[in-house]
């Protein structure tokens with residue numbers, strides 16, 4: 001709250017100064033409005049600087065200095081080749097602004113590659129802030145589970161989104177196919193969700209590799225450049241990246257590792273949903289989607305039964321559990337209360353009426 005108040009006072013001070021001094025030679029009120037706009041721009045610039053790391057600030061400063069030095073050399077060439085006048089002054093100013101701007105942007109973009117911990121001293125604390133880069137591919141963005149993982153706090157480091165991945169995602173979102181278009185728009189929504197979340201830091205990088213045409217190979221080259229890890233659920237990209245020595249975080253492998261562990265011989269309760277491929281088999285599914293194949297359970301479709309686990313098969317597509325149902329155990333069903341049925345009043349030969357008697361009838365098992 002105090003910081004907001006200081007920023008507001010700064011904007012008011014700049015506006016009042018411009019109102020009194022009139023540096024632009026305009027109406028005092030217009031000068032005050034321009035001053036307020038400049039104050040707001042400075043506050044926004046300061047706010048963006050606070051979000052940058054120390055390495056990026058140092059990289060931006062070094063890049064700006066090198067850009068200004070290069071602009072000075074260009075100015076010497078312009079001074080000796082173009083006669084003095086407005087054209088010479090304009091070119092010198094434009095070259096200085098251009099070189100300073102390019103140096104600032106490039107230096108800030110490459111500043112994260114600096115290792116300040118190697119300098120020791122006051123920069124030793126930067127050792128812990130050395131970022132771990134996680135590079136997202138298109139498939140994992142469209143999948144959407146990466147946002148849930150990020151919100152739980154299990155994902156640390158800097159999330160890197162390459163510009164060529166955004167272009168591919170934009171092409172999918174603009175596709176004529178409605179299915180692809182929906183997938184692309186879902187991916188864009190996931191990116192907005194990641195940017196709004198406070199648990200991770202998102203950085204969009206402009207690095208590209210024109211000599212490489214495939215997006216997957218570009219991701220691998222980018223991971224080598226940043227010494228980062230690729231987050232994907234693409235099986236082929238996973239294998240190719242591992243062959244080239246790039247670490248990969250596969251969302252599907254994470255999901256499979258979080259599924260419940262069962263051992264042969266354990267008893268578990270399942271709901272038989274449909275018939276299996278083999279004779280007298282039934283198929284059930286756990287809450288996480290794990291398939292359970294049950295022997296001798298074909299006639300128990302639509303019922304909950306107790307099975308004994310016989311084996312567990314782990315594949316690249318997921319985990320499969322095989323079990324057997326013991327017919328002697330019978331189906332498992334919850335007990336239901338008995339239904340009370342009252343008989344109608346009936347006449348007897350002697351003219352007396354017989355009072356209705358309640359009769360207990362067991363409800364059949366569902």
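Where a number appears in this text, it was derived from the coordinates with a stated rule and is not lab data. In this text the structure is predicted, and so the values were computed from the model without any measurement. For neighbour counting, all protein chains shown are included, and Cβ atoms are generated from backbone atoms with ideal geometry for every residue, glycine included.
For the pair residue 225 and residue 255, a Förster radius of 25 Å applied to the C-beta separation gives a FRET efficiency near 0.30, rounded to the nearest 0.05. Summarising the label geometry, the points placed 7 Å from Cα in the beta-carbon direction at residue 54 and residue 174 lie 4.3 nm from one another. For the stretch 31-47, the residues whose amide N sits under 17 Å from a probe point set 7 Å from the Cα of residue 21 along the beta carbon direction are 31-43.
Which FRET efficiency value, to the nearest 0.05, do you get for residue 239 and residue 46 by plugging their Cβ-Cβ distance into 1/(1 + (r/R0)^6) with R0 = 45 Å? Working shown, then result.
Numbers: r = 47 Å, r/R0 = 1.04.
So, using R0 = 45 Å, E works out to roughly 0.45.
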